[in-house]
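Encoded as structure tokens, the structure appears first; notes follow it.
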Amino acid sequence: MLFWGLAALVPIVIHLWNRRRYREVSWAAMEYLLAALRRNSRRILVEQWVLLAIRTLILLLFALALAQPLLAWLPSLGGSLGGGQTHWVMVVDVSYSMATTRDGKTRMERAKELASQLVQQGVQGDGYTLIALGDTPEVIIRTPAFDPKDVLEEIDALRVRHGGARLATGIAEVEAIVSAAREKQKRLTSTQVCIFSDLGRNSWEEVTSDDVRARIGRLAEKASLRLFDVGDNQRQNMAVTRLDVRDSLVALSRETTLEVELQNFGNEPVPAASVELLVDGRRTHTKDVELRPGGKATLAFSHRFDVPGEHRVEARLAADILDVDNHRYASVPVRESLAALCIQGAPGEAKYLAIALQPTRTDQPLVQPVIAPESALVERDLSQFDVVFLVNVGRFSRDEAAVLARYVRQGGGLVVFLGDQVQLESYNEHLTGDQERVLPVRLESLAPTGEYSFNPLDYRHPIVAAFAGHERAGLLTTPVWRYIKLKPLDAARTRIALGFDTGDPAIVTEALGRGRVVVVATAASPKSVDNTTIPPTPWTALPTWPSFPPLVQEMLAYATSGRTAERNVLVGDPLSGVLQNATLAQALEIASPNGRTERVSLEPEGEDATWNFGSTTASGIYEARFGPPREMAQLYAVNVNTRESDLERLDVDLLPSQISTDALTQEAATTTIPTGRPTELFRWFLGSVLLLLVAETILAWRFGSGAR
Amino acid sequence: MPTPKSLDPRTLAKLQGLMLRARHIVEGYVAGLHRSPYHGFSIEFAEHREYAPGDDLRFVDWRVYGRTDKFYLKQYEDETNLILYLVLDVSESMQYQGPDAPLSKLEYAQCVAAAFAWLTLLQQDAVGLVTFDHQIRSLIKPSSSPAHLQQLLGVIEQPGTGQKTATGPIFHELAERFTKRGVVLILSDLFDNTAAMLAGLKHFHHRRHDVIVMHTLDPAELDFPFRGPTMFKGLEEYPEVLADPDALRKAYLREFAAFQNTVKRGCRQHNLDYQQLRTDQDLDVTLASYLATRMSRVK
């Protein structure tokens, strides 16, 4: 802009030019002209100088008025004064704490206002980059945009994500963008990184780590860092931190317990926090609970689902300053009945198991066990069954192993009871291979006959959790005389649900693919006996013991949970599923809670098709709608990670010194881009130009021919 | 009646040769002329002439009328008629022709001089001629012979000399040379030392000449119409001057008015006739206005 100042030379050049350009006339009355010149030369000279000075000043002031906004900006932001354009890297925190309201305005709205203001105050030629700082940084404008209108539109379109914010990855992204821009956009001579955030501790505590500090140090060498704090000191926030179905198997027309956990993240007590439970959009229960500062409370709601199928459940807290975490959702598929295939290695082996699966005689049994011989593994379509029990099956062929592996991968449940017919080598060879692993364990060897008892391992595993506090249920007294020693293959993934007092595992579980596998080290029927002793010793009395039916029911619940476990995820996690024997022509649409519907394409996986949906950016219920020929819908609940519900702020003193916080104020409501700079001065310049123009006109008229 | 067009300097400018121009003026003017202002200066009776319409009734000889019942005018001796000395400035400054003027000052003055010469000779009065710059360039003694006109016009028509003016010494010299009393008609822009010039004029007056100063000026000199930076190239050995006419106009006009006032005041003081000639002005206006003034003074 200062180049415009050169325009001030124009009147001088014109003046000099005019001295060279003149017309010539001969003149007789020279004496009188010379006399006039003699008497007036000084006055004329002064007049000419005055006019020249005024004209030069007009252009000079005009140039200053044009240049002044730039001049005022650069020093205030520590940018270089040498001209050139600025690359503005705007990083906007989109974690859901930015949705906190104050005086009817969210922090996000305030951040957008500030960012827009910044763009509007920029000068021609400045470039803008926009990054949404979330759990993963989302680069909205990567290569610097030069049209402020586009940038303003993008800023306006920014929305709070229902997640947190990761500073470390965000800073790394900024560093990459700044480096690339400096290389490609040579005319952007200075870089300003402006971060708009509420300085939430959860997002910002990473700033104290050495890694992030080093990154910020490196970044500060290339750019000026500036934090626009849009946060405030409000902390009084409550959240629904958990909504679970206590019974792992929700059956039709039975009482089901839904657990809701609340937390008060504020530092003031809440005498009566009101919680509503909504099932399929209808309010069914309301409860009030007292919450201490920082305290948690768990409420149990009992509900009976009368219709089979997919149900949406929502726990809702009364509104507070942050609404996102006042809702928690669950997708509850209710089954009319479960199909269980019990494959027995010998006739009668599955008898006790069948009884345990269906302990009461009713018209509408929950489980309908089908007992079949080993050959059923390849003869029957396993996908019809929710769970497959293998009871004392001796050996497996390669085909049978492949069938089982595929069944598990697709989400089927598999419970394996061992016994006296089990051939360890066959199990280890076909079921624990690297390619088609079905079992979580290797079968090591037969434990010597002796008296063994179960160790519940603090009832941590869901299979045995129900026994906690019920010592008389008989789990600990269950006699076991013989078992097979199991060795977990993948210590990180397998879980030991129950152990023996010898320290060996008794029940081992693993989530394999989408399915769940349970291996029990001992037998499920009294028919398994150790013939080496006289009289022959049975492996265990478990099938006849009172602990057996509940243990089987819990194993059933665990094994069948594979197909429903993926229905409840956190924001950012993908939704996925598998369709057995489906063609890729199968249509699938995912309806998001924000009203958007997206088509999802299917990927082949063997004879099946899988799908994956990664855009879970908002919390709520997502509906997967399968078109013909399947014609069905599945509900998925996506919830927020309530880590972000804690509105505690980072201590400003912990920020690295390279981040300038001069716009930081205690009350964010008053935070504005500092404009105390001389916009007034710029007006004064223009005003002076106007006055001088008027003065020039009058003087030129007076000095010139007009007056004489 | 004079047709205005015939006396318009723009029309004259289209005519070639002074003879043609002078005849044009005289014919255009004489058509409406009732009497000559130069009669009456003569004192010796010569003869009677029959009255013709347009003659001044003052000169009717009532005694002859009483006797013969016919109108006769008294006519006077030729020699004793008026002598007109035409004094024409042919210096360089007289050659100036401004942007709005159809004729240069000299050309205009030549026309006026020729017309006066013609008119005067028509009246059988004597006309003498002097052209000068810083010295006398030509001098023709007064004569009333009609053939004299050809000689006069030949000299008047001569182009300017491109020399400086020196009016003061010239006027003194002429005052000494014009031995017979007469009318001295000076056609000049008078761009010279004013005091010396006025002293010269005074000398004429002292010699009892009747002096008529026809101050010949170009409209550009009177109005200074120039705009924008202009290089003024001085005539008569003046230097070049680059000036902004807009800034100078007021001051120049003030200076020029002061010069004119000085000349006018000087003429008034010595009882000389002063007449300003603008070279864009119709000649009949010039002649008529002058003759009207003369008439009033003669009475």
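The values are calculated or read from the model by the stated rules, or taken from the named source; none is laboratory data. Predicted, not measured: the structure shown is a model, and the values here were computed from it. Cβ atoms come from the backbone with ideal geometry, glycine included; neighbour counts cover every protein chain shown.
Look at A:A176 and say whether it is among the small types (G, A, S), surrounded by fewer than 24 Cβ atoms within 10 Å (Cβ to Cβ) and in contact (Cβ under 8 Å) with a residue 12 or more places away in the chain. Write out each step before concluding.
Details: among the small types (G, A, S): yes; surrounded by fewer than 24 Cβ atoms within 10 Å (Cβ to Cβ): yes; in contact (Cβ under 8 Å) with a residue 12 or more places away in the chain: no.
It is false that A:A176 is among the small types (G, A, S), surrounded by fewer than 24 Cβ atoms within 10 Å (Cβ to Cβ) and in contact (Cβ under 8 Å) with a residue 12 or more places away in the chain.
Out of all the residues in the stretch A:27-47, is one or more in a helix (DSSP H, G or I), within 7 Å of chain B (Cβ to nearest Cβ) and more than 30 Å from B:D189 (Cβ to Cβ)?
yes
Among the residues of the stretch B:254-281 satisfying the criterion of being out of contact with any Phe, Trp or Tyr (no Cβ under 6 Å at 6 or more places or on another chain) and β-branched (V, I, T), which is surrounded by the fewest Cβ atoms within 10 Å (Cβ to Cβ)?
B:T262
Of the residues A:R242, A:R213, which is closer than 25 Å to A:S619 by Cα, basic (K, R) and either outside the structural domain of A:T362 (by TED's automatic domain parsing) or in a helix (DSSP H, G or I) (or both)? Quick ask: steps written out before the conclusion?
Values: A:R213 fails: closer than 25 Å to A:S619 by Cα.
Unique residue meeting the criteria: A:R242.
Tell me, please, whether a residue that is within 14 Å of chain A (Cβ to nearest Cβ) and closer than 21 Å to A:A35 by Cβ can be found in the stretch B:173-189. It would help to see each step written out before you state the result.
Filtering the stretch B:173-189 down to residues within 14 Å of chain A (Cβ to nearest Cβ) leaves B:188-189.
If we keep only those that are closer than 21 Å to A:A35 by Cβ too, we end up with B:188-189.
Yes, the stretch B:173-189 has at least one match.
For the stretch A:497-530, give me the residue count where each residue is under 40 Å from the mean Cα position of the chain (by Cα), part of a loop (DSSP other than H, G, I, E, B) and of a type in the set (V, I, T).
0
When the stretch A:464-494 is examined, which residues are found to be assigned to a helix (DSSP H, G or I) and either more than 42 Å from the chain's Cα centre (by Cα) or of a type in the set (D, E, K, R) (or both)?
A:E471, A:R472, A:A473
Checking A:N233 against (1) within 30 Å of A:L654 (Cα to Cα); (2) in a strand (DSSP E or B); (3) polar (S, T, N, Q): exactly one of these is not met. Which one?
Just one mismatch for A:N233, condition (2).
Here are A:L188, A:L167: which of them is in contact with a strand residue (DSSP E or B) (Cβ under 6 Å, 6 or more places away or on another chain), of a type outside the set (G, A, S), touching a residue at least 40 places away in the same chain (Cβ under 8 Å) and surrounded by 14 or more Cβ atoms within 10 Å (Cβ to Cβ)? Steps first, answer last, please.
On the way: A:L167 fails: in contact with a strand residue (DSSP E or B) (Cβ under 6 Å, 6 or more places away or on another chain).
Going through A:L188, A:L167 in turn, just one is in contact with a strand residue (DSSP E or B) (Cβ under 6 Å, 6 or more places away or on another chain), of a type outside the set (G, A, S), touching a residue at least 40 places away in the same chain (Cβ under 8 Å) and surrounded by 14 or more Cβ atoms within 10 Å (Cβ to Cβ): A:L188.
State all residues of the stretch A:182-210 that are farther than 24 Å from A:K112 by Cα and part of a strand (DSSP E or B); if no residue qualifies, say none.
Of everything in the stretch A:182-210, just one residue is farther than 24 Å from A:K112 by Cα and part of a strand (DSSP E or B), namely A:T189.
Conditions first: (1) out of contact with any strand residue (DSSP E or B) (no Cβ under 7 Å at 6 or more places or on another chain); (2) at pLDDT below 80. A:A663 passes all but one, so which condition is the exception?
Unmet condition: (1).
Kindly list the number of the only condition in (1) in contact with a strand residue (DSSP E or B) (Cβ under 8 Å, 6 or more places away or on another chain); (2) crowded, with 19+ Cβ neighbours inside 10 Å that fails for B:Q158.
Of everything listed in (1) in contact with a strand residue (DSSP E or B) (Cβ under 8 Å, 6 or more places away or on another chain); (2) crowded, with 19+ Cβ neighbours inside 10 Å, B:Q158 misses just condition (2).
What residue, among those in the stretch B:233-254 that are under 26 Å from the mean Cα position of the chain (by Cα) and among the hydrophobic types (A, V, I, L, M, F, W, C), is farthest from the other protein chains (Cβ to nearest Cβ)?
The residue in question is B:L253.
Within the stretch A:437-463, restricting attention to residues that are free of Cβ contacts under 8 Å to residues at least 24 places away in the same chain and assigned to a helix (DSSP H, G or I), which residue is nearest to A:V408 (Cα to Cα)?
A:Y459
Given the condition in contact (Cβ under 8 Å) with a residue 24 or more places away in the chain, over 14 Å from A:V517 (Cα atoms), assigned by TED's automatic domain parsing to the domain that holds A:P549 and among the aliphatic types (A, V, I, L, M), answer yes or no: does some residue in the stretch A:412-424 qualify?
Yes, some residue in the stretch A:412-424 is in contact (Cβ under 8 Å) with a residue 24 or more places away in the chain, over 14 Å from A:V517 (Cα atoms), assigned by TED's automatic domain parsing to the domain that holds A:P549 and among the aliphatic types (A, V, I, L, M).
Residues that are part of a helix (DSSP H, G or I) and either touching a Leu at 6+ places or on another chain (Cβ under 8 Å) or at pLDDT 85 or above (or both): does the stretch B:73-92 have at least one?
Among the residues of the stretch B:73-92, at least one is part of a helix (DSSP H, G or I) and either touching a Leu at 6+ places or on another chain (Cβ under 8 Å) or at pLDDT 85 or above (or both), which makes the answer yes.
Residues are listed down the side, and each one gets a yes or a no for (1) among the hydrophobic types (A, V, I, L, M, F, W, C); (2) within 30 Å of A:V416 (Cβ to Cβ); (3) outside any strand (DSSP E or B); (4) in the same structural domain as A:A251 (by TED's automatic domain parsing):
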position	(1), (2), (3), (4)
A:A557	yes, yes, yes, no
A:D573	no, yes, yes, no
A:V578	yes, yes, no, no
A:Q586	no, no, yes, no
A:N594	no, no, yes, no
A:T610	no, yes, no, no
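Applying the selection to the stretch B:222-232, what residues are more than 8 Å from every other protein chain (Cβ to nearest Cβ) and surrounded by 14 or more Cβ atoms within 10 Å (Cβ to Cβ)?
Once the filter is applied, which keeps residues that are more than 8 Å from every other protein chain (Cβ to nearest Cβ) and surrounded by 14 or more Cβ atoms within 10 Å (Cβ to Cβ), the stretch B:222-232 yields B:L222, B:D223, B:F224.
Given the condition touching a Gly at 6+ places or on another chain (Cβ under 8 Å), farther than 30 Å from A:S97 by Cα and either free of Cβ contacts under 8 Å to residues at least 40 places away in the same chain or not hydroxyl-bearing (S, T, Y) (or both), answer yes or no: does some residue in the stretch A:349-369 qualify?
Narrowing the stretch A:349-369 to residues touching a Gly at 6+ places or on another chain (Cβ under 8 Å): A:349.
Cutting the leftovers down to farther than 30 Å from A:S97 by Cα gives us A:349.
Going one step further and asking which of them are either free of Cβ contacts under 8 Å to residues at least 40 places away in the same chain or not hydroxyl-bearing (S, T, Y) (or both), we end up with A:349.
Yes, some residue in the stretch A:349-369 is touching a Gly at 6+ places or on another chain (Cβ under 8 Å), farther than 30 Å from A:S97 by Cα and either free of Cβ contacts under 8 Å to residues at least 40 places away in the same chain or not hydroxyl-bearing (S, T, Y) (or both).
Take the residues in the stretch A:96-137 that are of a type outside the set (A, V, I, L, M, F, W, C) and under 15 Å from the mean Cα position of the chain (by Cα); name whichever of them is nearest to A:G200 (Cα to Cα).
The qualifying residue nearest to A:G200 (Cα to Cα) is A:S97.
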